[in-house]
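The values are calculated or read from the model by the stated rules, or taken from the named source; none is laboratory data. Bear in mind that the values here come from a model prediction, so they are computed numbers and not experimental data. So basically every Cβ, Gly included, is an ideal-geometry build from the backbone, and we count neighbours across all protein chains shown. These area figures cover heavy atoms from the full protein model, side chains too; ligands, DNA and RNA do not enter into them. Shrake-Rupley method; radii C 1.70, N 1.55, O 1.52, S 1.80 Å.
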Amino acid sequence: MGCCKCCCVLLLVTIIIIGASMGLFAAFSPYPSHASCHVDWVFGKSCSTVKSTLISQIKTWSHNNCTLKQQCKYEYLGEEDNTIRGIHVTPWIAFVDRFNFTLTNGDDGNCHVQAFSESAAYFAVIDFGVNYCNLRNLVIGSNLDENDNYFKENSTNAVCTMYSIAHCNLYT
């Protein structure tokens with residue numbers, strides 16, 4: 001009976017320590033508490049053009065055998081109203097990240113996009129900017145940013161894990 005009490009106490013202490021450390025990480029980290037990224041974009045194009053272009057890029061990069069590894073293993077999961085959904089499997093360790101793009105026609109005539117990517121792994125905290133790259137690579141790869149005087153990107157480390165140090169061609 002004494003051993004069982006020790007095991008229960010040890011388990012409880014372990015849970016408290018892990019919980020406290022996660023709380024401390026969240027309290028002192030400049031990043032979200034889970035590996036994820038929110039990015040807002042503005043495009044000087046119609047939302048129907050932006051939507052079809054992003055979907056086409058996701059489908060183009062859905063194959064597994066390609067030379068630019070970060071630009072592989074995307075999967076288009078469909079759309080609901082003005083939201084595009086998909087997943088991306090990371091090149092090295094094969095983590096699955098879920099992402100979506102929500103498009104809104106702005107009063108300024110531009111297409112405003114709120115994008116989000118997050119690791120499906122519950123334990124993922126640090127991602128070296130991969131969730132940002134999941135989104136950015138689709139925008140850059142589809143050339144939505146080129147020759148667009150209205151193009152703007154907005155994000156911060158507070159809502160996008162390691163945004164300021166992301167290297168989106170790291171695995172090429």
Which FRET efficiency value, to the nearest 0.05, is calculated for residue 122 and residue 149 with the Förster distance at 45 angstrom and r the Cβ-Cβ distance?
0.60
Whole number in Å², please: accessible area per residue of segment 83-160, 1.4 Å probe, ligands, DNA and RNA not counted.
50 Å²
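Take the Cα atoms of segment 75-132, build their convex hull, and give its volume per residue in Å³. Before the final figure, lay out the partial values.
Working: hull volume 5.9 nm³, N = 58.
Given the Cα convex hull of segment 75-132, per-residue volume reads 102 Å³.
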Cα lying deepest toward the dipole's positive end in segment 100-172, options 154, 124, 165, charges on Cβ
124
To the nearest 20 debye, segment 79-172 has a Cα-centred charge dipole, built from +1 on Lys and Arg Cβ and -1 on Asp and Glu Cβ, of 360 debye
Straight-line reach only, C-alpha to C-alpha below 19 angstrom: list the aspartates and glutamates that residue 152 could link to, leaving out same-chain residues fewer than 8 apart.
40, 107, 108
Any residue on another chain or 5+ positions along whose placed amide H is under 5 Å from the amide H of residue 166 is listed here as none
Plugging the Kirkwood radius over Cα pairs into Stokes-Einstein for segment 33-114, at a temperature of 20 °C and a viscosity of 1.002 mPa s, what D comes out in µm²/s?
157 µm²/s
Inter-label distance, nm, simple model (7 Å from Cα along the C-beta direction), residue 158/residue 33
1.7 nm
Over its alpha-carbon atoms, segment 38-168 yields an Rg and a Dmax in Å of 14.0, 42
